Amino acid sequence: MELVQEFLQVSAQLYKHLTKLPPDKERDEYIQKIDEYLDKRGSIIEQIQQLEVNPLPGHPFEKQLRELDKGIRERLKKAKAEIVQDMKNLQKTKKSEQRYVDPYSSVRVMDGTYFDGRK
């Protein structure tokens, strides 16, 4: 298979995979699959760059590849933003849970101690 066609195929699969964000339970497999697609794309790009003549400029699939790449970038940003937000929510939940378990952890008083300020 020609490298450009293979690149188009992998890009289309990645774009399709990024269309729907999974529930939290399936997120690890989702991210792993994204990583696999990105690795495949990266290896194909390296193979294309090693060629003497770059076949992408002027290729019939060039416009389609550029549109797919733009869509992939947007969807990756959206997925990343959602994951970051979930991580922040998890940290907030952990913090509030810790406050519930030990509500006086942030209070720093020395009860029953008298310090004489005179010398």
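The values are calculated or read from the model by the stated rules, or taken from the named source; none is laboratory data. Please read these numbers as outputs of a predicted model, since none were measured by experiment. Cβ: placed from backbone, ideal geometry, glycine included. Neighbour counts: every protein chain shown. Each accessible area value is taken on the protein alone, full model and side chains, heavy atoms only, with ligands, DNA and RNA left out. Shrake-Rupley method; radii C 1.70, N 1.55, O 1.52, S 1.80 Å.
Summary of values
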item	result
Sparse-neighbourhood loop sites, trypsin sites (Lys or Arg not before Pro) in segment 43-91 - DSSP loop, at most 13 other Cβ within 10 angstrom	none
Longest exposed-site-free window of the chain, the sites being GluC sites (Glu not before Pro) in a DSSP loop that have at most 15 other C-beta atoms within 10 Å	53-119
Per residue value of the accessible surface for the chain (all protein chains in place, 1.4 Å probe), Å²	86 Å²
Helix 62-101 vs. the chain, principal-axis angle (Cα, 0 to 90°, nearest 10)	20 degrees
Furthest towards positive pole of dipole, PRO60, GLN49, ILE34, structure part the chain, Cβ charges	ILE34
Low-density loop cleavage sites - chymotrypsin sites (Phe, Trp or Tyr not before Pro) in segment 1-106, where at most 12 other Cβ are within 10 Å (DSSP)	TYR104
Carbon and sulfur %, accessible surface of the chain computed with the full protein complex present, 1.4 Å	51 percent
Between helix 3-17 and the chain: long-axis angle, C-alpha atoms, 0 to 90°, nearest 10	40 degrees
Span per principal axis, largest first, for the Cα atoms of the chain (Å)	86, 38, 19
Segment GLN5-ASP35, extension gain: residue separation times 0.36 nm, minus the distance between their alpha carbons	8.8 nm
Segment 13-88, relative contact order [Cα under 8 Å, separation at least 6], %	49 percent
